[in-house]
There are 2 protein chains.
Amino acid sequence: MSSLTSQITISLDGFAAGPNQSLDDPLGEGGERLHEWIVSTASWRAHHGMEGGERNADSDVAESLVEGVGAYIMGRKMFGGGDGPWEESWRGWWGEEPPFHAPVFVLTHHEREPLVMEGTTFHFVTDGIESALAQARAAAGDQDVTIAGGAQAIQQYLAAGLLDELYLHVVPILLGGGERLLENVGAPRLEPVEVIASPAVTHIRYRVHR
Amino acid sequence: MSSLTSQITISLDGFAAGPNQSLDDPLGEGGERLHEWIVSTASWRAHHGMEGGERNADSDVAESLVEGVGAYIMGRKMFGGGDGPWEESWRGWWGEEPPFHAPVFVLTHHEREPLVMEGTTFHFVTDGIESALAQARAAAGDQDVTIAGGAQAIQQYLAAGLLDELYLHVVPILLGGGERLLENVGAPRLEPVEVIASPAVTHIRYRVHR
C-alpha cells in the first residue's frame with residue numbers, strides 16, 4: 001500500500017499559523033513569514049507558473065514535495081477558507097490552474113459535486129478522514145497520498161494512527177500564539193530519518209511508526 | 001566580550017519538562033525521556049565519572065557542550081529543586097563532585113554563602129539576571145558563559161536580549177504538556193547556524209541576533 005505522507009511549515013515555537021486567524025487573514029498575524037522560504041524558491045515559483053527564485057537546498061526540498069504524489073487530502077479551510085458551505089461560484093483559493101495537478105480530496109461537512117479545474121479536480125468528502133484516505137488511495141494508485149494541510153487535517157490523521165510520514169519545515173521565528181500543530185495527537189512514535197538545513201529553515205522528515 | 005550561550009533539550013512539541021513537575025519528579029511525567037540521548041553517550045558518562053556509553057554524533061555534541069565554558073548560570077530549581085530557601089546542609093542535586101568544573105551562578109531569591117565543592121563552586125545570586133551575568137563573565141575571563149538551564153533561566157535571558165546562542169536538542173517525542181521553553185520570550189531574531197542529526201535527536205544551534 002502506498003504511504004500517507006504530510007508536510008507543513010511551523011514556527012520554532014510550534015505554530016502552523018499566527019494568532020487571530022480570520023477569513024481575511026487565514027495565516028494569522030505574522031503567519032505569512034512561515035512561507036517566505038518556499039515562495040522564494042525557483043522550484044516553487046516554476047510550479048506556480050512564476051519565474052525567478054533561488055536555486056538552493058530549499059528549492060530542492062520544495063521540488064521533492066510534489067514528486068511521487070498521486071493524490072492530495074486537504075482541510076476545508078485550505079481549500080476555500082472558513083467551514084463552508086461555499087457558494088457554488090466559489091472555486092477556492094487556488095486560481096483556475098491549481099498547483100496540484102492531481103486529484104485533491106477536501107475534508108468538509110458540506111456535500112458538493114466534484115470541481116473540475118485545469119489539471120486538478122477537487123472532490124468533497126463528507127464522511128470522514130478514513131473515507132477520504134480510501135478515495136485518495138484509489139485515485140493515487142502506486143503513488144503516495146499527501147496531506148497538503150492544514151494543521152487540523154494532519155492532527156486528525158496523526159491521532160488516528162494513519163500517518164506514515166510527517167515532514168516538518170521549521171522556520172526560525174516565534175509567532176507567540178496561533179494554531180499549534182502538535183497537540184491533541186496522542187503519543188506517536190516518531191523517528192527523524194532525514195534532516196536538511198539551510199539558513200532559512202530546518203527540514204526534518206519524521207517516520208511515524210505504527 | 002565572551003558570548004552568553006545556552007543549550008537545552010526539548011520535545012518536538014516544545015517542552016523542556018513533562019506535565020506535573022514536583023519536587024519528587026522535577027522532570028515531570030515522561031520528562032526523563034528527554035535526556036536519554038545524552039545519558040547514553042560515552043562523553044557524558046565519562047564527564048560524570050561513569051564508564052561505557054555510545055560514541056557517535058550525539059556523544060560529540062555532548063562533549064562540545066562543556067568545551068570553552070568558563071562559568072555557568074543556572075536556575076534555582078536546577079541547583080536544588082523548588083524555590084528554596086534550602087537548609088544549609090542541602091548541597092544540591094549534583095553530588096560531591098559536580099560535573100561543572102567551573103564556577104556556577106545560581107539565580108535565587110535566597111542569600112547563601114558560596115558552596116565550595118570538588119572542582120565547582122556554587123555562587124548564589126539574589127540581585128537579578130544581569131548581576132549573575134556580570135559575575136559569571138568576570139569569572140569566565142575569555143571563555144563563554146553558558147546557561148545550564150532550566151527553561152525559565154533561558155527564557156529570562158532571551159527575553160532580556162542578553163543571549164547570543166540557543167542550542168536546542170530536539171527529541172522526537174511528544175510530551176503533551178509541561179514546561180514550555182519558547183514562550184514569553186518576545187520575538188528574537190534567530191538564525192540556525194549548525195544542524196547535527198542523529199536517529200535520537202536533532203541538534204540545532206541558533207545564533208540570536210541583537
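The values are calculated or read from the model by the stated rules, or taken from the named source; none is laboratory data. Note that the coordinates shown come from a computational prediction; the quantities given were computed from them, not determined experimentally. Note that each Cβ is placed from the backbone with ideal geometry, even for glycine, and that neighbours are counted across all protein chains shown.
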Exclusive hit being touching a residue at least 60 places away in the same chain (Cβ under 8 Å), in contact with a Lys or Arg (Cβ under 8 Å, 6 or more places away or on another chain) and more than 22 Å from A:P26 (Cα to Cα), set A:A151, A:A71, A:A136: A:A71
In the set B:T126, B:T121, which member is in contact with a Leu (Cβ under 9 Å, 6 or more places away or on another chain), modelled with pLDDT of 95 or more and more than 29 Å from B:R180 (Cβ to Cβ)? B:T121
Mind checking which residues of region B:176-198 are in contact with a helix residue (DSSP H, G or I) (Cβ under 9 Å, 6 or more places away or on another chain) and either more than 8 Å from chain A (Cβ to nearest Cβ) or not aliphatic (A, V, I, L, M) (or both)? B:G178, B:E179, B:R180, B:L181, B:E183, B:N184, B:G186, B:P188, B:I196, B:S198
Is there a residue being within 14 Å of chain A (Cβ to nearest Cβ) and of a type in the set (S, T, Y) anywhere in region B:200-208? yes
Expected output for region A:181-194 (first residue part of a loop (DSSP other than H, G, I, E, B), partner loosely packed, with under 14 Cβ neighbours inside 10 Å, Cβ below 9 Å, 6+ apart or cross-chain) is A:G186/A:G161; A:P188/A:G161; A:P188/A:H209; A:P188/A:R210
Residue among B:L133, B:L163, B:L115 that is hydrophobic (A, V, I, L, M, F, W, C) and within 14 Å of chain A (Cβ to nearest Cβ): B:L163
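Residue-by-condition table, conditions (1) surrounded by 22 or more Cβ atoms within 10 Å (Cβ to Cβ); (2) more than 29 Å from A:S11 (Cβ to Cβ); (3) away from every other protein chain (no Cβ under 14 Å); (4) touching a His at 6+ places or on another chain (Cβ under 8 Å):
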{"site": "B:I8", "(1), (2), (3), (4)": "no, no, no, yes"}
{"site": "B:L12", "(1), (2), (3), (4)": "yes, no, no, no"}
{"site": "B:P19", "(1), (2), (3), (4)": "no, no, no, no"}
{"site": "B:D24", "(1), (2), (3), (4)": "no, yes, yes, no"}
{"site": "B:V39", "(1), (2), (3), (4)": "no, yes, yes, no"}
{"site": "B:H48", "(1), (2), (3), (4)": "no, yes, yes, no"}
{"site": "B:S59", "(1), (2), (3), (4)": "no, yes, yes, no"}
{"site": "B:I73", "(1), (2), (3), (4)": "yes, no, yes, no"}
Write out, first by first residue and then by second, each pair whose Cβ atoms fall under 8 Å of each other, whose residues are 6+ apart or on separate chains, and whose first residue, in region A:14-33, is at pLDDT below 90 while the second is outside any loop (DSSP other than H, G, I, E, B). A:D25/A:G31; A:P26/A:A17; A:P26/A:K77
For residues that are surrounded by fewer than 17 Cβ atoms within 10 Å (Cβ to Cβ) and either among the acidic types (D, E) or closer than 30 Å to A:M50 by Cα (or both), tally how many sit in region A:99-109. 2
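Suppose we filter region A:119-142 for residues that are closer than 16 Å to A:G70 by Cα and more than 17 Å from the chain's Cα centre (by Cα); how many remain? Don't jump to the end; show me each part of the working.
From region A:119-142, those closer than 16 Å to A:G70 by Cα are A:119-123, A:132-142; that's our starting set.
Within this subset, residues satisfying the condition of being more than 17 Å from the chain's Cα centre (by Cα) are A:119, A:134-135, A:138-139, A:141-142.
The qualifying residues number 7.
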Would it be correct to say that A:I173 is more than 8 Å from chain B (Cβ to nearest Cβ) and either free of Cβ contacts under 8 Å to residues at least 12 places away in the same chain or out of contact with any Pro (no Cβ under 9 Å at 6 or more places or on another chain) (or both)? no
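B:R55: among the basic types (K, R) and exposed (fewer than 15 other Cβ atoms within 10 Å of the Cβ), yes or no?
Details: among the basic types (K, R): yes; exposed (fewer than 15 other Cβ atoms within 10 Å of the Cβ): yes.
Yes, satisfied.
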Given (1) under 16 Å from the mean Cα position of the chain (by Cα); (2) on the phi > 0 side of the Ramachandran plot; (3) within 14 Å of chain A (Cβ to nearest Cβ), index of the condition B:G149 fails: (3)
